[in-house]
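Presented below is the structure to which this report refers.
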Amino acid sequence: MSDFDRLWVWNDDALAGALGWYRAVALNRKPAKFRIARAIPLGLALTDASEEALWAELERLTPAFVAKWRALRDGAAEPAPPAPAPTLLDLCAELAQRMLRHCNFCRWNCRIDRSPPPGKTGAKLGACKLAAESRVSSHFHHPGEELVYRGTMGSGTIFFTSCNMRCAFCQNGDISTDKDNGVETSAATLAAMAWLLRLEGCHNINWVGGDPTIHLHTILAAIALLGNGFVPEKRALAAALVTRADRFDWYEPAMRNGSYAGAFNAPMLWNSNFYMSAEAMRLLRLLMDVWLPDFKFGPGRCAIELARTPRYWETVTENLRLLRDWGEDFTIRHLVMPDHVECCTRPVLEWVAREMPAAPVNIMDQYHPDNFCDPGNAKYDPRYAALARRPRRAEISEACAHAKRLGVRFEALTHEKQRLGFLA
Ligand code: SF4
């Protein structure tokens, strides 16, 4: 049994029950979802078909995918061999490219064409301020995510630049508010990053930002490469190492860390603000093995006033309901903000208790004034003075007490770092 399998958190029924598929893929006991999509052939030619026809094909094949995934998850089936190209995996990548031409990756629904190369046209930019290029700020074995994700070898985390929300207090403001941060990264370089992190022992590939949704086309193209026998050339590996934050640490890469039935295997983790469009969710459903949604703001005006984001509550709750209805593996993060326990923490926890009482929640106490809320930052805006402090101990205690009263499953994720030792 591996150290990852012996983590004490797996003795927690809520976590073991909620993350069974993810855990099995992380241990290479099951093929990742992208491997299942790779086994389903298409009934049309990708390049000739209209976008409407491609969506219809996705609609037609999704039930077959779900049936195969559920049978594998329940141990009732053997994985199917790869199908001749093009497959459902290629279809997902192609649809993301088509969406880029009228971008509706997220709920802003800007409908602008992000596909022309920069400088070639006077293309407008959407709320995320991005054209077609994706930039990676850093990637590494993340030692700070929840224990179920960081495990013993770290979470293979890839940080993208820019964001589709405008949280005044953003805890990653250096990359989310600076679209030019980092290095322009192709799908092949991205695949090389993921490939190496996994072979070095990372328990998952953690797509995050800023927000990963605005880079959907590049991420899905990288996953399609990984599912189609990709092995990085030296040039792609060298390009990948430019943004590698822990490149001077030594990890021994080995195929056994990331292979299933002789091909690359890794659980894909969607670590996002969950402001995705319904169309993005339909694609991600077929490729993400586990989800890590942020659920920050209550149903009032806080998302508008602190993040300039309309329709936040309805979008995030709709997407969370999809995870529940689809039977996906996920854990929820809620960051407790100063003076926002009544308006945000309470309604978020009450919604979770009502709609998905089995969902594991991490009630995060690490908020610190940052970005426009940090008086020591040149960007500081006095309008956010109420957020220029850490939450009081009483606020964190009230958040946890309310979760306990509601029966929310939060203890294991929220308090795990206070426990000595991580193996059972
Ligand atoms: S990703 Fe979202 S914010 Fe960016 S252009 Fe597309 S719809 Fe607009």
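The values are calculated or read from the model by the stated rules, or taken from the named source; none is laboratory data. Predicted, not measured: the structure shown is a model, and the values here were computed from it. Cβ sites come from the backbone with ideal geometry, for glycine too, and all protein chains shown count toward neighbours.
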ask   = Take the residues of the range 226-277 that are more than 16 Å from the ligand (Cβ to nearest atom) and of a type in the set (Phe, Trp, Tyr): which is surrounded by the most Cβ atoms within 10 Å (Cβ to Cβ)?
value = PHE264
inquiry  = Residues to consider are LEU220, LEU197; find the one that is within 24 Å of LEU283 (Cβ to Cβ) and in contact with a Cys (Cβ under 7 Å, 6 or more places away or on another chain).
reply    = LEU220
note = When (1) closer than 30 Å to ALA385 by Cβ; (2) surrounded by fewer than 18 Cβ atoms within 10 Å (Cβ to Cβ); (3) in contact (Cβ under 8 Å) with a residue 12 or more places away in the chain are applied to THR152, the one that fails is (1)
message = Which of the helices (runs of 4 or more DSSP H) found entirely inside the range 135-247 contain at least 2 residues meeting this: modelled with pLDDT under 95?
response = 173-176, 234-241
ask   = Between residues in the range 93-118 that are closer than 20 Å to SER272 by Cα and modelled with pLDDT under 95 and residues that are away from the ligand (no atom under 13 Å from the Cβ) and in a helix (DSSP H, G or I), which pairs lie under 7 Å by C-beta distance while being six or more apart or on different chains?
value = none
remark   = For the range 57-71, pairs from a residue that is more than 19 Å from VAL290 (Cβ to Cβ) to a residue that is loosely packed, with under 13 Cβ neighbours inside 10 Å, with Cβ under 9 Å and 6 or more apart or across chains, are GLU57/GLY43; ARG60/GLY43; LEU61/GLY43
request  = For the range 288-306, state whether one or more residues are outside any helix (DSSP H, G or I), buried (at least 24 other Cβ atoms within 10 Å of the Cβ) and touching a Lys or Arg at 6+ places or on another chain (Cβ under 6 Å).
outcome  = yes
key: Looking only at the range 20-30, and only at residues there that are buried (at least 23 other Cβ atoms within 10 Å of the Cβ) and not small (Gly, Ala, Ser), the one that is nearest to LEU72 (Cα to Cα)   = LYS30
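Conditions tested, residue by residue: (1) buried (at least 17 other Cβ atoms within 10 Å of the Cβ); (2) within 16 Å of the ligand (Cβ to nearest atom); (3) closer than 30 Å to THR47 by Cα.
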position: LEU125; (1), (2), (3): no, yes, yes
position: PRO143; (1), (2), (3): no, no, no
position: THR157; (1), (2), (3): yes, no, no
position: THR161; (1), (2), (3): yes, yes, yes
position: ASN164; (1), (2), (3): yes, yes, yes
